[in-house]
Amino acid sequence: MAQLIDGKIISKQIKDELKEQVTAMKTEGKEVGMAVIQVGKDPASTVYVGNKKKACAYIGIRSESYELPEETTQEELVTLIERLNRDDAIHGILVQLPVPAHIDEQAIIRAISPKKDVDGFHPQSVGALSIGQKGFVSCTPAGIIQLLKRSNIEIEGKECVVIGRSNIVGKPMALLLLRENGTVTVAHSRTKNLKEVCKRADILVVAVGRPKMIDASYVKEGAVVIDVGIHRGADNKLCGDVDFDSVEPVASAITPVPGGVGPMTIAMLMYNCVEAAR
């Protein structure tokens, strides 16, 4: 039986720690503030934004919400971001992605001050991570490192394989595992002999974006398997990129979907916001 890495429990630990810190900051007269901007009415985005607001309320972070119509122009959005950049009461700015097609996502990410970039997507934040300097780290990979550490899983010296090379998960994940002294291979859709590469992994992080693609034939006996994917199957049930039922008997530890990596993303977003206020 693999150890189940429970993201709900670990994210709650982090949020409870942050709640204490935010309470202490309030007694010193400092209130943490975050602005959340959503353009349009994408249903998944609305759910995420709602969860972020709930987390803010739980921890004691004051959240300002901006729900803008679909037809908001890029110029209007940038003007709002620039105003929030100058607002000393706001420590973190989050623009919920994706934005509508007529808005240049990269231009919006670059408009946010790196000091308030709690998503960790600004080129300056990404550059700081790549050369080992301080800066905000993309929340999902940062959350995965916390899942491993708080589950007493050693990263140092381990063979780590990341499947996926996105800017949001794959690339920063590889850099963070390197920072923890893992030996890292980044695999992707064009990797030859993907199964053989994956079977070398002591820690396998799967962010491939295909439901249940990774089954037991990709996994070394006793490996730790982290599933970043989230999909809704034909049966309307949520599943990940990993075929849980096939892999669980082989792995030493595994994250479920839902309740694994997902809750950690919001916990680390809150962490980044409190750090920004500090």
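Computed values, structure above
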read-out	value
Top-ranked residue of segment 52-100 - restricted to ones that are touching a residue at least 60 places away in the same chain (Cβ under 8 Å) and part of a loop (DSSP other than H, G, I, E, B), ranked as surrounded by the fewest Cβ atoms within 10 Å (Cβ to Cβ)	100
Residue that is nearest to residue 230 (Cα to Cα) [pool: residues in segment 1-17 that are at pLDDT 95 or above and more than 17 Å from the chain's Cα centre (by Cα)]	4
Residue check for residue 108: buried (at least 17 other Cβ atoms within 10 Å of the Cβ), over 17 Å from the mean Cα position of the chain (by Cα) and assigned to a helix (DSSP H, G or I)	yes
Members of segment 233-266 that are of a type in the set (A, V, I, L, M, F, W, C), under 24 Å from residue 56 (Cβ atoms) and surrounded by fewer than 24 Cβ atoms within 10 Å (Cβ to Cβ)	266
Residue 103, sole failed condition from (1) part of a loop (DSSP other than H, G, I, E, B); (2) of a type in the set (A, V, I, L, M, F, W, C); (3) closer than 25 Å to residue 261 by Cα	(3)
Selection count where residues are within 19 Å of residue 258 (Cα to Cα) and β-branched (Val, Ile, Thr), scope segment 169-220	5
Per-region count, segment 186-198, residues under 24 Å from the mean Cα position of the chain (by Cα) and crowded, with 17+ Cβ neighbours inside 10 Å	3
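The values are calculated or read from the model by the stated rules, or taken from the named source; none is laboratory data. Owing to the predicted nature of the structure, the values given are computational and were not obtained by experimental measurement. Positions of Cβ are generated from backbone atoms using ideal geometry, with glycine treated the same way; all protein chains shown enter the neighbour counts.
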